[in-house]
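Quick notes on the structure that follows.
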Amino acid sequence: MRLIGNDWDNILNNVWESEGFKKFLHIVKNEYDKKIIYPPKNYIFNALKLTSYSKVKVVIVGQDPYHGINEAHGLSFSVQKGIKIPPSLKNIFKELKEDLNIDEPDNGDLTKWAEEGVLLLNAVLTVEKDKPASHKNLGWERLTDYIIKKISDKNEPVVFILWGNFARNKKHLIDSSKHLIIESAHPSPFSARYGFFGSKPFSRTNEFLIKNNVKPINWDLK
């Protein structure tokens with residue numbers, strides 16, 4: 001089965017071919033048939049489609065997709081062009097300005113980061129309209145935890161950015177002797193001032209990549 005169209009299909013082939021995953025996909029399809037679910041079906045695996053396994057340099061772990069109309073498009077923290085920038089992403093852009101003096105873009109579409117090698121991975125890949133965390137126990141975490149482990153298996157050093165307690169709980173999946181883990185409070189307005197602001201994740205990421213002879217990320221979205 002080729003769900004992604006790049007090297008992720010080989011990496012995840014044993015998952016795609018398993019009976020358990022096929023049954024799970026059927027459950028997900030049923031959700032889409034009966035309710036309003038985000039992101040649109042063709043965007044569910046957008047993060048993997050835009051950032052192939054071999055190109056992953058950075059992973060930013062999110063919780064689950066935005067649950068409003070036309071917001072989610074399969075990338076953690078990102079919204080489609082033309083949609084108002086959500087508060088957490090506003091704070092991410094504030095820290096980007098403070099850290100690297102990069103001005104806030106006029107939209108919240110992070111596709112350019114994904115194309116630079118930043119895997120914008122939500123732990124849960126779908127959500128019911130207006131019901132945050134509604135698919136938390138559907139079964140996505142088994143897949144996304146496995147994806148994080150597979151990236152941790154890479155020989156090339158990768159930066160894992162874990163914002164907030166939910167993302168930090170993924171730390172045990174990552175080999176910290178090989179990779180850099182940057183963790184802090186979540187960028188949400190409720191917690192950003194408790195350690196997110198001033199954490200300099202963007203410059204720290206690039207310093208680590210350069211030190212390991214990896215081309216740094218161009219964080220400028222303009």
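The values are calculated or read from the model by the stated rules, or taken from the named source; none is laboratory data. In this text the structure is predicted, and so the values were computed from the model without any measurement. FYI the Cβ positions are ideal-geometry reconstructions off the backbone, even for glycines, and counts take in every protein chain you see. Quick note on the areas: whole protein, heavy atoms, side chains included, nothing else; ligands and nucleic acids left out. Shrake-Rupley method; radii C 1.70, N 1.55, O 1.52, S 1.80 Å.
The table for this structure:
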item: Some residue of the range 139-153 being among the aromatic types (Phe, Trp, Tyr) and in contact with a Gly (Cβ under 9 Å, 6 or more places away or on another chain); result: no
item: Residue list for the range 152-178, restricted to those being open to solvent by 60 Å² or more (accessible area, probe 1.4 Å) and part of a helix (DSSP H, G or I); result: 165, 168, 171, 172
item: Index of the failed condition, residue 198 passing every other in (1) touching a Pro at 6+ places or on another chain (Cβ under 8 Å); (2) open to solvent by 30 Å² or more (accessible area, probe 1.4 Å); (3) in a loop (DSSP other than H, G, I, E, B); result: (1)
item: Residue within the range 179-188 that is loosely packed, with under 14 Cβ neighbours inside 10 Å and either modelled with pLDDT of 95 or more or not hydrophobic (A, V, I, L, M, F, W, C) (or both) present; result: no
item: Unmet criterion (only one of (1) open to solvent by 50 Å² or more (accessible area, probe 1.4 Å); (2) assigned to a helix (DSSP H, G or I); (3) touching a residue at least 60 places away in the same chain (Cβ under 8 Å)) for residue 22; result: (3)
item: Positions within the range 71-129 being surrounded by 18 or more Cβ atoms within 10 Å (Cβ to Cβ), of a type in the set (A, V, I, L, M, F, W, C), in contact with a helix residue (DSSP H, G or I) (Cβ under 8 Å, 6 or more places away or on another chain) and in a helix (DSSP H, G or I), in sequence order; result: 96, 114
item: Hey, residue 210 surrounded by 15 or more Cβ atoms within 10 Å (Cβ to Cβ) and within 21 Å of residue 117 (Cβ to Cβ) or not; result: no
item: Only listed residue being in contact (Cβ under 8 Å) with a residue 24 or more places away in the chain, farther than 23 Å from residue 79 by Cα and among the β-branched types (Val, Ile, Thr), chosen from 217, 174; result: 174
